[in-house]
1. Treating the Cα atoms of the stretch 594-691 as identical point scatterers in vacuum, please give the log10 of the normalised Debye intensity I(q)/I(0) at q = 0.15, 0.21, 0.23 Å⁻¹, two decimals.
2. In Å², what does the accessible area per residue of the stretch 505-564 work out to with a 1.4 Å probe?
3. Pop out the carbon and sulfur fraction of the accessible area of the chain as a percent, whole number, probe 1.4 Å.
4. Which whole-Hz couplings ³J(HN,Hα) result when phi for each residue of the stretch 488-502 is put into the Karplus expression 6.51 cos²θ - 1.76 cosθ + 1.60, θ = phi - 60°, listed in order with x for Gly and Pro?
5. Which residue, Gly417, Val647, Thr447, has the largest displacement toward the positive end of the dipole of the chain when charges sit on each Cβ (Lys, Arg +1; Asp, Glu -1)?
6. Summing +1 for each Lys or Arg and -1 for each Asp or Glu, what net charge is found among the other residues whose Cβ lies under 13 Å from the Cβ of Thr254?
7. Return the FRET efficiency for the residue pair Ala734, Ala169: r is the Cβ-Cβ distance, R0 is 45 Å, and the value is rounded to the nearest 0.05.
8. Using amide H atoms built in the peptide plane, which far-off residues or other-chain residues are under 5 Å from Ala331 H to H?
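The values are calculated or read from the model by the stated rules, or taken from the named source; none is laboratory data. Source: prediction; values computed, not measured. Cβ coordinates were reconstructed from backbone atoms using ideal geometry, including for glycine residues, and neighbour counts include every protein chain displayed. These accessible areas exclude ligands, DNA and RNA; they are computed on the full protein's heavy atoms, side chains included. Shrake-Rupley method; radii C 1.70, N 1.55, O 1.52, S 1.80 Å.
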Amino acid sequence: MLTDRGARWLVAAGANLGAAGFGLGAAWLVGFGPWAILAAPLAGTLGWFAGRVAGGTLAVRLSRLGYAPAGLPVYRLGAVPEAEDSAGGKARALSVLTRAGQPVPAGFVVLPRGFDGTRLTAGASRALHRELRRFGPAQRFAVRSSAGGEDSATASFAGAYETLLDVAAGSVVEAIGRVRGSAASGRVAAYAQASGVPAGEVSVVVQAMVPAQYAGVLFTVHPLTGDLSTMLGTVVDGLGEAVVSGDSTGEEFTLARPSGEYAGPEALRRFAGTLHAAAHRIEGRFGGVPQDIEWAVADGRVWILQARPVTTLNPWRPDTAEFNDSLAGTALWSATNLSEANPEAQTPLTVSLARYQQANGGPSLALRGREMAGYIGGRPYANLTVQITSRRGKAGRGDPREVYRALAGWWGDLPPGVPIPLLPMTGQDWTEAGVPLLGSLVRLGWTRLRLTPFLRSHSDACKDFTRRIVAAARPADLRRLWDEGLFEFGIDSFWAVIASGSTYPATLEQRLRERYGAETAAALVSNLSGLAGNLESLGPAAGLEEVRAGVLSREDYLQRFGHRGVNETELAWPRPAEDPGWLDRSVAELVDARGVTERRRGQQEAYDAALARVAEAEPRAARRIRRQLRRAARQAALREAVRSEGVRTTGVMRRFALRSGELLGIGEDVFLLTVDELLAALAGQTRAFGHFAVRRETYHRYRELPALPGVIVGRFDPFAWAADPGRDVAVHVAGAGAVRRSPGGEDGVVLGHAGAAGRVEGTVRRLDRFDDAGHLLPGEILVTQLTNIGWTPLFPRAGGIVTDLGAPLSHAAIVARELGIPAVVGCGDATARLHTGDRVEVDGAAGRVTLLARAASGQAEAAAARP
């Protein structure tokens, strides 16, 4: 059997041999002359990759040879087929650990097909006695259960089933029957009812007994706080069953990550390094999922007796289809920018689509199994712990806060009181992560080169897939369409959206601010649409004015913008083009304020004047700045155009879901399924339909939540947070009090990012949802949590813009700059501190909103109720 360690050796050997062979071959081809200095390293690098691929392929094939045939009643640990679910959670985990080369006591598992009630079948009995003959006659055994629901991510069933230790070989058959029969106990039934997890069929594991000197449990992540940098364990003298069953607490110890620094009983110290390394590798083998590990020390050797997911750190509930990635370990999460296109709680189908794509070839930045993209409270959040750890690299150089500052264009400034947790990465972790990350970078580069042809052909491709979806007559037709093209089409679109992103416009603005001041810099970067020939974010608003003027036909408007709107990434959200009366209503709601064209003309004049001032003082610098601004404009326009087409792809996926709902007879309940469940349903497996009622209730609870904090660190319960009258609406740090903010944010001053320069005084109109947009009067200061492209038609009406979420590259900042509307974004708590009717001054360049006067209570109520 090839272990994971052996597989790593094969891959490394293949890479090194490939590098040496290619390098020497290239040097030989050029005659070992001066050109060999260049040819050998280049060829060696190619050989390293080729050898690594060859070694990996050989390792996979050799590894498969270690599995026993399917359908047997008894399997040795390490030989259980990967698809043999009936082996139960414990046996499958032990088999994986055995193949990984971990020190697991030898043993075997008897599957449910080997039983007739609690008695062994004849075939299972013969196989069992063959296995027992591998051990000496004096060998003692541990006999444990391995049920379908046991030791899973959602339930451990710890102590529910019978466990028999120190069993003589002649008593193993009887012990197996007792363990199997314990499935009928009241403990198991009570646990299953309390956890909501069916116990499932019971297999029985038999292992050589370890005569433990010390034993205990070890959590690879602190089970109460989720601290990724601390392993927490308990040790007792002798067998560890008392700790596992809860009869003894033992002595506590900790292991720091990734250093392995130990604190605990002195007797365990010499084994601490081995325990730390084994636990870290075990967690990595299970995709970075925090593990609860049972271990023992006997005759000076550490043994691994069991490993299972830490149930308290499980981010997924299958019955309600809830993801809460904050539960999987302490990390820094940000909703900035992501919430623009996702302003409301998303359905299970929408949430699962992004995860499904990432797990099956989509853009992925994963370290130790932790993706950068996650979900909390039905909303998307970015795991900045992953991004910052990745940017610091293997050497771990750079203060995490300094690394974050380089990302502030996307995520906004981070309050100084917010901690930045890091992932505990070892050198081996970086080696294993390096090739996949490099592969992602290569594909991003390749996709970036093909963005122009993507834009040319994508709209027609969407029409073609929509036609084929509508034509599907059976569920199987839709499943075939998914497998034969639609899934890959969605993956390609996802890659294009990620590849089009760029922080260059924000970086350039920061440099211009430092050299020429806020006002001049703002004028220079507020004409990107003029330099690039319009931005997609302005399109819906400008297009409505063109429709009203008779310049643009209704058909052309809906083709260009009918897929965009306030909740455009949600699959369940109806597209504007689906509503025959939407466009007429939108045109009728336009007010006679300064329109997009007039505002754009003013920005062009401000840009020309600012550039002339720079040219008069620094002619050479002005020419360079003009080139840089054109580059920034091209990148901004490309990003927005590709994003628009990405949203068009979402519309196609919506059509696929709706058609699936029609053919399956479940209508819009299809959005309560995950992607895996939907694909299974199209293949005839409809078991998940039984979850509709509880998922519908859960989804409505999430939709009723207030806007969640833009920054979250650690465990976060959205419902407990919402019920707290003293909650911080901007930042949540688990276990901490109020977070220290930047100075100056008190006494009637709200601070945020400089979104768009300019100073304006006006009356606040706080809008908590887009449906209330009709309340905004010309010249009022729009205060809201966030804006996106669906809000763009409102902007010409506003005197100023203030948002809770946002950064220099957010929608509100980009559009406000292009229209010359003073804006402050990313304030965190503006909607909590400012109310309709308040009088404020907005200083966009300074990122400052000053409260001048509070509205009288009667005035505020009247303003809020005004239609």
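1. -0.74, -1.05, -1.12
2. With the other protein chains kept in place, the stretch 505-564 gives 43 Å² per residue.
3. Carbon with sulfur: 54 percent of the solvent-accessible area.
4. 5, 4, x, 4, 4, 5, 4, 4, 4, 4, 5, 5, 7, x, 7
5. Thr447
6. Around Thr254, the charge tally is -2.
7. 0.35
8. It is Gly714, by chain and number.
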